[in-house]
Amino acid sequence: MGTVHARSLEPLPVSGSDFGALGDEPELVEVEPEAKQEVLENKDVVVQHVHFDGLGRTKDDIIMYEIGDLFKAKNLIDVMRKSHEAREKLLRLGIFRQVEVLIDTCQGDDALPNGLDVTFEVTELRRLTGSYNTMVGNNEGSMVLGLKLPNLFGRAEKVTFQFSYGTKETSYGLSFFKPQPGNFERNFSVNLYKVTGQFPWSSLRETDRGISTEFNFPIWKTNHTLKWEGVWRELGSLARTASFSVREESGHSLKSSLSHAMVIDSRNSSILPRRGALLKINQELAGYSGGDVAFLKEDFELQLNKQLLWDSVFSATLWGGMLVPIGDKPSSIADRFYLGGPTSVRGFSMYSIGPQSEGDYLGGEAYWAGGLHLYTPLPFRPGRGGFGDLFRTHFFLNAGNLCNLNYGEGPKAHLRKLAEFIRWSYGAGIVLRLGNIARLELNYCIPMGVQSSDRICDGVQFGAGIRFL
């Protein structure tokens, strides 16, 4: 039997093009009888040996965790499928540049009649790699330079140094990442970082120097993250015209917080989904593990997507959150929520809804925002099947509110305040999907429910980001 390259599960073509030149003698090809093919496809087989070619510093135990299911295969199709799955797991470790799979009949004195040998030909990443790319955030962009030490101790550990220079933020950091062998989704990381950000809507400059540890793990259909963060924060005025409220917040603070995040995501795409749902819940408790900042913070995100007729998609999104200061000290401008802009309540300027002082927006301790969207193909579908499929027509209705609450009052009073002075907007536009990286929106917006303290963007508004209401 010849070698089988298990790189695809698609069936081989029944017939191909004629490769012989005119006048050439036809080449005789020996065709094995159908009975032999049935033995390979339908009869039970046993994976006797798995070989690896190209391993250097990678330890054997982490490899065995990823290929263990291969020995449970019962027939050739099952062997090919599990080989493909093992290849994907090996690539996911981030320690190999290339992985190829070869399946052949077993050779040697101990070979069984139905025995198979599977060989993985791998190319390990270099001990030191570098990268440069661009990243898109919520209405901001940045250039990122990185150095990486992959597979540091032979079990998919990774040390990364990264420098980022952006339109609103400059940062650098050093991180260590360690996955659990056999369960890549269960991993641990430590990060050291410094981040300097500018927030013109608040005339604020913030510099954070900190350390954080994260533990990620799945439970059933949910993914969880436990995080501790200790950060020294320095707040300052971005301009001489900054309001007194912002200047009053200036200075140094030390925050130590514990947080938990749970995510359930069944969407087919995180950028422009056509179906599926997302539920994300975050909790953060600061002050009990040290520092001079104390609060309890909760927020959530819910998104539902449904595909309709004529390749249209209906999407509904709901955000909400609340911050409760602990003790007599008021909340910090760096911890509050912000709302408004092309990635949240469209038709309003960036983070320009809610409390403000002398034109500087101070954020709020409670908010909610919701959106209804209809995405359709472009009229007459130009470029169908190609570049035109990256564009969608977008109709939307957004609403939300952000405010501060008096926590001495009851829940009914809180709901009444969140229902007062609701800002909302509607409009239409064009959406461009940039792969699975980000998306761009160009919308014509009509803001409604505008308050005197708000700053609006009536008409055409451009947005770029990865997270949209």
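Results for (1) over 21 Å from ALA156 (Cβ atoms); (2) free of Cβ contacts under 8 Å to residues at least 12 places away in the same chain, shown as yes or no for each residue.
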{"residue": "ILE77", "(1), (2)": "yes, no"}
{"residue": "LYS82", "(1), (2)": "no, no"}
{"residue": "ASP104", "(1), (2)": "yes, no"}
{"residue": "GLN107", "(1), (2)": "yes, yes"}
{"residue": "PRO113", "(1), (2)": "yes, yes"}
Note down all Cβ pairs under 6 Å where the first residue falls in the range 263-288 and is under 20 Å from PHE391 (Cβ atoms), the second is open to solvent by less than 30 Å² (accessible area, probe 1.4 Å) and among the basic types (Lys, Arg), and they're at least six residues apart or on different chains. ILE271/ARG439; LEU272/ARG439
(1) within 30 Å of SER289 (Cα to Cα); (2) open to solvent by 20 Å² or more (accessible area, probe 1.4 Å); (3) assigned to a strand (DSSP E or B) all hold for GLY321 apart from (2)
Expected output for the range 49-60 (first residue more than 11 Å from LEU125 (Cα to Cα), partner part of a helix (DSSP H, G or I), Cβ below 6 Å, 6+ apart or cross-chain) is VAL50/ILE67
For the range 344-362, state whether one or more residues are open to solvent by less than 10 Å² (accessible area, probe 1.4 Å) and basic (Lys, Arg). yes
Are there any pairs, at least 6 apart or on different chains, whose C-beta atoms fall under 8 Å, with the first in the range 169-197 and free of Cβ contacts under 8 Å to residues at least 12 places away in the same chain and the second of a type in the set (Lys, Arg) and open to solvent by 30 Å² or more (accessible area, probe 1.4 Å), and if so, which? GLN180/ARG186
With the requirement that a residue be assigned to a loop (DSSP other than H, G, I, E, B), open to solvent by 50 Å² or more (accessible area, probe 1.4 Å) and not hydrophobic (A, V, I, L, M, F, W, C), what does the range 416-457 give you? GLU420, ASN436, GLN451, SER452, ARG455
Would you be able to tell me the number of residues in the range 390-415 that are open to solvent by 60 Å² or more (accessible area, probe 1.4 Å) and closer than 17 Å to GLY429 by Cβ? 2
Can you pull out every residue in the range 411-436 that is under 16 Å from THR343 (Cβ atoms) and hydroxyl-bearing (Ser, Thr, Tyr)? SER425
Can you tell me which of (1) under 26 Å from ARG57 (Cβ atoms); (2) without any contact (Cβ under 8 Å) to a residue 60 or more places away in the chain is the one ALA156 doesn't meet? (2)
All positions within the range 313-339 that are more than 26 Å from GLY236 (Cα to Cα) and touching a Pro at 6+ places or on another chain (Cβ under 8 Å): VAL313, SER315
Could you list all residues from the range 241-267 that are assigned to a strand (DSSP E or B) and within 22 Å of the chain's Cα centre (by Cα)? LEU258, SER259, HIS260, ALA261, MET262, VAL263, ILE264, ASP265
Please go through the range 136-187 and give me each residue that is in a strand (DSSP E or B) and of a type in the set (D, E, K, R), ordered by number. GLU140, LYS148, LYS158, GLU169, LYS178, GLU185, ARG186
Return the total of residues in the range 349-372 being out of contact with any Leu (no Cβ under 8 Å at 6 or more places or on another chain) and either part of a loop (DSSP other than H, G, I, E, B) or modelled with pLDDT of 95 or more (or both). 6
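The values are calculated or read from the model by the stated rules, or taken from the named source; none is laboratory data. Since this is a predicted model, take the numbers as computed values, not measurements. Note: ideal-geometry Cβ built from the backbone for every residue, glycine included; neighbour counts use all protein chains shown. Please note that ligands, DNA and RNA were not included when accessible areas were found on the heavy atoms of the full protein model with its side chains. Shrake-Rupley method; radii C 1.70, N 1.55, O 1.52, S 1.80 Å.
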